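Structure record follows, encoded as structure tokens.
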Amino acid sequence: MELRDLSSAVVVVLLVGLVLGIGIYVMDEVRTNVATEYTGNDNLVNITATSPTNTTTLSDASKDDYKLVTVDSVINESGDAIPTTNYSSTDAGVITWTKDLVAGNAYYNATAGDTVNITSTFTYDAANSPEEGINDSLEALGDFSGWIAVIVVVIAAAVVMGIVLRSFGEDARA
């Protein structure tokens, strides 16, 4: 084994990594497109009880591979919609309220009680659904990609050992 033999091994590892990366990306896009969107309702959420973090985690956020698509509406007790400038949300289903809203200084909280009703749209991996099957495949491919580094190290070690053994073998013949 010589140093020039390394180039074919590097090309093979790069091709495997490239195909794996493209495959994971395509499968993730397919999963996103086939995922069923569900509507969630969180009623009577007490936003003043969220201090000091000023956050609320939506009740559906504990579902398998949950992803918040949109917060459709936040309505206070008197039926007024709270503008999106008074909160932000993450894909994980965590809503962060502004300090003015939690403190009761904002008009939308001060005129009514401290509770709001939240309607959201989200996706998750329902049991025996297409998105669950695709996501399980993605997780399995993700587990395999961790082995690529090990394979590269083994190939590099084999090449180095081959060069060392060959150099000792040539010295013995001379």
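The figures follow:
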read-out	value
Selection count, the range 32-60, where residues are without any contact (Cβ under 8 Å) to a residue 60 or more places away in the chain and surrounded by 14 or more Cβ atoms within 10 Å (Cβ to Cβ)	5
Flag if VAL102 is more than 30 Å from GLU29 (Cβ to Cβ), among the β-branched types (Val, Ile, Thr), surrounded by 14 or more Cβ atoms within 10 Å (Cβ to Cβ) and modelled with pLDDT of 85 or more	no
The range 68-94 - residue that is part of a strand (DSSP E or B) and touching a helix residue (DSSP H, G or I) at 6+ places or on another chain (Cβ under 9 Å) and, of those, nearest to SER120 (Cα to Cα)	VAL71
Tally of residues being within 30 Å of ALA35 (Cα to Cα) and in a helix (DSSP H, G or I) across the range 126-170	18
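The values are calculated or read from the model by the stated rules, or taken from the named source; none is laboratory data. Fair warning: this is a prediction, and the values are worked out from it, not measured in the lab. Don't worry about glycine lacking a Cβ; one is built from the backbone with ideal geometry, like all the others, and counts go over all protein chains shown.
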